[in-house]
Every structure is written in C-alpha cells, then in structure tokens.
Amino acid sequence: MELAFLSDMAQQWLSHFRTDLFRYLMAATAVSLSVSWLFRGWMERRRIQKRRAHWRDIRREVSFSMLTLGIFATVGIITSILRDWGLVKLYWEWGDYPLWWAIVSLPVVILVHDTYFYWTHRTMHHPRLFRHFHRVHHLSRTPTPWAAYSFSVGEGVLMAIFSPLILTILPLHVLVWLAFIFVMIFRNAMLHAGCEFHPRGWVDGPLDFMTTTTHHDLHHQKFRGNYGFYFTWWDRLMGTEFRDYKDAFRRAASGDTESGNDGKGLQVTT
Ligand SMILES: [Zn+2]
Ligand SMILES: [Zn+2]
C-alpha cells in the first residue's frame with residue numbers, strides 16, 4: 001500500500017516535472033533561436049549590453065533552472081492534493097462561471113502575478129534575504145533566455161507557491177490558466193533575451209506601461225531598481241524605476257548600443 005502510494009507520488013512528480021520542462025525548453029529555445037538565428041542581423045544591432053554571456057553562464061542558468069523545475073514539480077503535487085481536497089477552483093466547463101469572468105480573469109491573474117512578483121522580488125533584495133533567496137538569479141549579469149528559472153531554492157519556492165495560492169482563491173477556467181502560464185514563461189524568456197524585442201518608440205507610446213527587455217536587463221546590470229515583470233506601474237508608483245531606462249531602451253531599439261549603459265541614473269536604492 002505504502003509502496004503504491006510512493007510510486008504514485010513519484011509518477012505525479014515526474015509528470016509535473018516533464019510538463020514544466022517542456023514549457024521552459026519551448027520558450028527558452030524559441031527566444032534563443034529568434035536571437036541567434038531567425039532574426040540574427042536585426043537582433044545583433046539591438047544588443048543591450050556590450051558584454052556577452054559565456055557558455056558557462058548558460059550552463060549555470062540551465063542547471064539552476066532544473067533545480068527550480070524540481071521545486072515546481074514538488075509544489076505541483078501539493079496543488080494536486082489541494083485539488084483532491086476540493087480547494088482548487090480550476091474549472092473545465094465554460095458555463096460554471098459567467099463568460100465575462102472567463103474573459104476578464106486572464107488580465108486579472110496577470111495583474112495579480114505582476115503585483116506578487118514586484119513585492120516578492122523587491123523583498124528578496126533586502127540585504128538579509130538576498131544571499132539566500134535571490135543571489136543565484138543575479139549571477140547572470142548578462143542574462144540569456146535560459147535564466148528564466150535560474151533561482152535559488154528560496155526564490156524557486158516563492159515563485160512556485162503563487163500557483164496553489166491563486167488557484168485556491170480565484171476560479172479560473174483551465175484554458176485561462178494555461179494561457180497565463182504561456183504568457184508568463186514566454187514573457188520571462190523574452191525579458192532575459194539580451195536583445196531588445198520591442199519596437200522603436202515603445203517607451204514614448206501608449207504601451208509604455210508594459211516592461212521591455214531593456215527594463216529587466218537593466219535590473220540585472222544594476223540590481224536595485226526596475227523590479228517589475230509585466231508592467232512598469234509598480235516601479236513608477238514606488239519610485240524604483242531607473243532614471244536612464246528610457247534612454248537605454250532608445251539606444252538598444254535604435255541599434256545604438258556603442259555607448260553601452262553607464263550604470264548611472266539610479267533613482268532609488270531599495
Ligand atoms: Zn531576471
Ligand atoms: Zn532581482
């Protein structure tokens with residue numbers, strides 16, 4: 001009986017691990033191939049830093065991402081147990097909740113995740129927590145898409161528990177949940193691409209409330225500022241956006257990275 005239980009748990013763990021591994025590989029590979037092959041000429045002109053990531057950086061990013069996937073799989077089992085107890089509000093039938101909710105719930109879950117990310121991320125930068133929670137992610141000074149899940153154990157757990165937390169609070173259609181995961185991992189890989197994906201003029205137009213690759217890349221270069229993930233709202237509200245962000249974006253998007261980023265313009269230090 002006990003052996004059967006353990007074998008069932010191991011199978012569930014492997015299944016969660018495989019699913020998350022597939023998503024990670026899909027997003028990181030797609031973004032890497034876009035940068036180094038599909039749009040190579042365009043992307044080379046849009047490099048954000050002069051420094052290049054080394055193969056050993058990518059090896060470290062992938063290794064720690066595998067550890068994070070193990071944590072995700074473990075938390076995935078906890079989520080399955082919560083579902084068995086009837087606490088997870090994922091639903092399969094569109095008619096279970098009003099259709100307007102199914103439509104609105106995707107932006108809602110992204111907004112909630114953005115807030116969760118900003119505040120957990122900023123907290124992990126506290127000097128007492130940084131070493132144990134967030135140091136590994138910042139070993140990537142020049143990040144690559146493979147850094148998407150390159151976390152310390154503490155950060156991995158913090159990021160993983162968002163799923164059971166939100167799924168026990170908000171009723172979400174299973175396709176809305178999958179769409180959220182898709183947006184999250186692709187956005188994550190893009191923010192670590194090292195080349196600016198967003199079109200010229202982005203920071204001077206109506207979509208300036210959305211972050212860019214330069215926004216997060218500056219965080220890896222200068223540490224204390226630009227904590228946001230999808231949106232710039234929290235950084236602007238809390239005064240933690242780097243003053244030179246828009247100039248750095250304009251340089252990268254126009255292909256003028258010769259001057260590089262000078263490390264000045266820090267608005268706030270935690
Ligand atoms: Zn990062
Ligand atoms: Zn950070």
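Descriptive notes on the structure:
- For the options Ser65, Ser15, Ser163, a Gaussian network treatment of the chain with springs between C-alpha atoms closer than 10 Å singles out Ser15 as fluctuating the most.
- In this structure, the amide hydrogen of Phe231, modeled 1.01 Å from its nitrogen in the peptide plane, lies closer than 5 angstrom to those of Thr211, counting only residues at least 5 positions away or on a different chain.
- Extension gain (nm, one decimal) between Leu99 and Leu129, 0.36 nm per residue minus Cα-Cα: 6.6 nm
- Ranked Val157, Val31, criterion: other C-beta atoms within 10 Å, fewest first: Val157, Val31
- Likely footprinting exposure, Phe22, Phe133, fewest C-beta neighbours within 10 Å first: Phe22, Phe133
- Ranking of His138, His173 by neighbouring Cβ atoms within 10 Å, starting from the fewest: His138, His173.
- HN-Hα J in Hz across the range 43-54 - Karplus 6.51, -1.76, 1.60, θ = phi - 60°, x for Gly and Pro: 5, 4, 6, 9, 5, 7, 10, 6, 5, 10, 5, 9
- Neighbourhood net charge (12 Å Cβ-Cβ; Lys/Arg +1, Asp/Glu -1) for Val183: +1
- For Leu90, residues with placed amide H under 5 Å, excluding near neighbours: Leu172
- Treating each Cα of the chain as one equal point scatterer and applying the Debye formula with no solvent, the log10 of I(q)/I(0) at q = 0.08 Å⁻¹ comes out as -0.34.
FYI, it's all coordinate maths here, none of it is from the lab. A quick note: this is a predicted structure, and the numbers were derived from the prediction, not measured. Reconstructed Cβ throughout: ideal geometry from the backbone, glycine too, with neighbour counts over all protein chains shown.
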